[in-house]
Amino acid sequence: MEPGAFQEAVLETVRRYGMDLSRPLALVSGGPDSVALLRALVGLGYEPAVLHVDHGLRGEESRGDAEFVRELCRGLGLRCEVRSLRLEGRAGLQERARRERYRIAGEVAGRLGASAVAVGHNADDVAETLLLNLARGSGLRGLSGIPPVRGRVCRPLIERTRAEILGYLEALGQGYRVDSTNLLPKYARNRVRLEVMPVLEELHPGAVRNMARAAALLREDLAALEELAAGVVREEGGEAGMSVAELDGLPPALRRYAVRRAYAAVAPEAPPLPRRLVEAVLELARGGGGTRLLDLPGGVVAAARFGERLVLYRREEGEAGERPLVAGESLRFAGWRVRADEVEGMDPEDARRPEVAYLDAGRGPYRVRTVREGDTIRPPGLGGTKKVMRAMMDRKVPKDLRRRTPVVVDPEGRVAWVFLGELGEDFRVRETTEKVLRVEVERA
């Protein structure tokens with residue numbers, strides 16, 4: 001492919017997937033893919049900054065890669081940053097190196113104000129990923145290969161084959177570095193690249209492009225299924241959940257996508273939930289009455305409440321201490337928005353709303369915190385005190401929500417009001433009350 005035609009094809013990909021390359025950071029290893037990426041971006045008139053991460057895994061060869069990239073950037077008049085990375089141990093080395101590389105890229109991109117991090121994945125990488133994930137028994141997500149855009153990361157060469165890339169570099173007379181570890185058969189991807197793909201190309205010429213096209217079609221199918229599943233997932237108060245009855249009405253595939261959608265909503269930075277855990281969450285929902293809990297990766301909890309609702313939320317470690325309630329101000333606390341205002345008197349109709357409480361301001365200043373095991377309250381008309389936890393149990397508040405429910409307390413720590421629940425007798429507004437504090441809450 002002639003340089004001009006190659007660059008035009010890259011530009012078409014950029015436009016098709018809406019890649020913002022106004023201020024790109026190019027991740028350049030010195031290998032043919034990333035060098036072709038850089039040359040194509042420059043050829044199209046972009047002015048990328050360049051990041052090279054030296055993993056230090058191949059001694060002099062690694063240092064040679066870094067110097068090659070520096071020289072390439074000097075010749076092109078581009079800004080270049082080289083970062084060194086030292087990883088201890090051999091277990092999971094490639095994956096750890098990949099995570100660190102992207103972490104550093106995100107840090108540099110943020111500092112430079114880059115619009116995107118451009119990387120050199122191509123159609124061959126997509127085909128190899130599809131085959132490896134197929135062998136592992138992956139579903140649509142795994143078979144859809146490598147996405148052209150994910151967050152800030154974009155892949156302008158994703159529709160170009162490795163053969164086209166090498167032809168482009170040859171036409172430019174552009175050299176590149178060869179990573180010797182790419183020839184080692186101990187890595188699964190290398191064996192697929194060196195042994196499997198040539199056979200498939202021989203059996204079906206154009207196999208790489210065909211598999212990349214299949215992955216693109218599967219991405220479209222995946223997006224459609226996820227959109228359908230999203231219709232049953234509702235986000236409120238830091239939770240993402242769905243009606244169990246509505247979930248049961250979906251085909252099995254959409255149930256799984258609904259669970260994954262809910263998980264992604266509360267843990268957007270976490271990897272997709274694996275199939276076995278998705279099935280465990282669905283089994284939780286089939287468990288009947290009471291509240292059943294399941295811990296998931298990323299500090300996420302799945303809760304099935306009374307066989308009626310399935311929710312996922314982030315476990316809040318060491319929740320937010322205490323916050324003062326100040327008249328005329330709003331605050332956010334434990335997934336709630338709280339507003340306090342000093343008012344002239346109590347509106348009985350307004351006071352009947354569960355999200356509103358009228359308190360004797362003279363008993364304050366008040367604070368907000370989460371409920372504690374020994375907390376008690378004296379509800380109006382009861383003639384005695386009651387454990388707050390017991391009161392919530394009587395109101396059928398799900399078990400997992402009880403310890404996460406905020407309360408309003410006075411300076412001595414006595415409970416004046418339980419959000420959406422009981423009001424303390426000692427804090428209610430009377431005819432003799434001089435100042436009234438109206439508190440309203442809603443899930444954030």
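Details
- Residue match in the stretch 187-204 (condition: among the small types (Gly, Ala, Ser), over 28 Å from Glu2 (Cα atoms) and either out of contact with any Cys (no Cβ under 6 Å at 6 or more places or on another chain) or at pLDDT 95 or above (or both)): yes
- Taking the conditions (1) hydrophobic (A, V, I, L, M, F, W, C); (2) more than 23 Å from Val69 (Cα to Cα); (3) touching a residue at least 12 places away in the same chain (Cβ under 8 Å) in turn, Cys154 satisfies each one other than (2).
- Among the conditions (1) surrounded by fewer than 13 Cβ atoms within 10 Å (Cβ to Cβ); (2) more than 23 Å from Gly335 (Cβ to Cβ); (3) not hydroxyl-bearing (Ser, Thr, Tyr), Glu373 misses just one, which is (2).
- Pairs meeting the criteria (first residue in the stretch 21-45 and within 18 Å of Arg177 (Cβ to Cβ), second residue polar (S, T, N, Q), beta carbons under 7 Å, at least 6 apart or on different chains) are Leu27/Ser34; Val28/Ser34; Asp33/Asn122; Val35/Gln174; Arg39/Gln174; Ala40/Gln7.
- Residues of the stretch 180-190 that are free of Cβ contacts under 8 Å to residues at least 24 places away in the same chain and surrounded by 14 or more Cβ atoms within 10 Å (Cβ to Cβ): Asn190 alone.
- Subset of the stretch 40-95 that is at pLDDT below 80 and within 23 Å of Ile158 (Cβ to Cβ) - its residue that is surrounded by the most Cβ atoms within 10 Å (Cβ to Cβ): Gln94
- Among the candidates Gly374, Gly321, Gly384, residue that is at pLDDT below 90 and within 27 Å of Ala270 (Cβ to Cβ): Gly321
- Taken over the stretch 386-416, residues that are over 33 Å from the mean Cα position of the chain (by Cα), within 26 Å of Val301 (Cβ to Cβ) and touching a residue at least 24 places away in the same chain (Cβ under 8 Å) amount to 5.
- A Cβ distance below 9 Å, combined with a sequence gap of six or more or placement on separate chains, defines the contacts here; from the stretch 194-216, residues that are surrounded by fewer than 16 Cβ atoms within 10 Å (Cβ to Cβ) reach residues that are polar (S, T, N, Q) and assigned to a helix (DSSP H, G or I) in the pairs Leu194/Asn182; His204/Asn210.
- Tabulated pairs, the stretch 98-109, first over 15 Å from Cys80 (Cα atoms), second assigned to a helix (DSSP H, G or I) and aromatic (Phe, Trp, Tyr), C-beta under 9 angstrom, 6+ apart or interchain: none
- Matching helices (runs of 4 or more DSSP H) fully within the stretch 195-267 where at least 2 residues are among the hydroxyl-bearing types (Ser, Thr, Tyr) and in contact with a helix residue (DSSP H, G or I) (Cβ under 9 Å, 6 or more places away or on another chain): 252-266
- If you go through the stretch 280-308 and keep only what is touching a residue at least 60 places away in the same chain (Cβ under 8 Å), surrounded by fewer than 16 Cβ atoms within 10 Å (Cβ to Cβ) and in contact with a Leu (Cβ under 9 Å, 6 or more places away or on another chain), you end up with just Leu293.
- Listed here are the helices (runs of 4 or more DSSP H) enclosed by the stretch 109-179 that have at least 2 residues being surrounded by 23 or more Cβ atoms within 10 Å (Cβ to Cβ) and more than 23 Å from the chain's Cα centre (by Cα): 123-136, 162-172.
- Among the residues of the stretch 166-221, the one identified as within 24 Å of Gly64 (Cα to Cα), among the aliphatic types (A, V, I, L, M) and in contact with a Leu (Cβ under 8 Å, 6 or more places away or on another chain) is Leu183.
- Filter pass, Ala224 being over 22 Å from the mean Cα position of the chain (by Cα) and surrounded by fewer than 20 Cβ atoms within 10 Å (Cβ to Cβ): no
- Residue among Leu437, Leu420, Leu382 that alone is surrounded by fewer than 17 Cβ atoms within 10 Å (Cβ to Cβ), among the aliphatic types (A, V, I, L, M) and not assigned by TED's automatic domain parsing to the domain that holds Arg309: Leu382
The values are calculated or read from the model by the stated rules, or taken from the named source; none is laboratory data. Just so you know, these numbers come straight off a predicted model, no measurement behind them. Note that each Cβ is placed from the backbone with ideal geometry, even for glycine, and that neighbours are counted across all protein chains shown.
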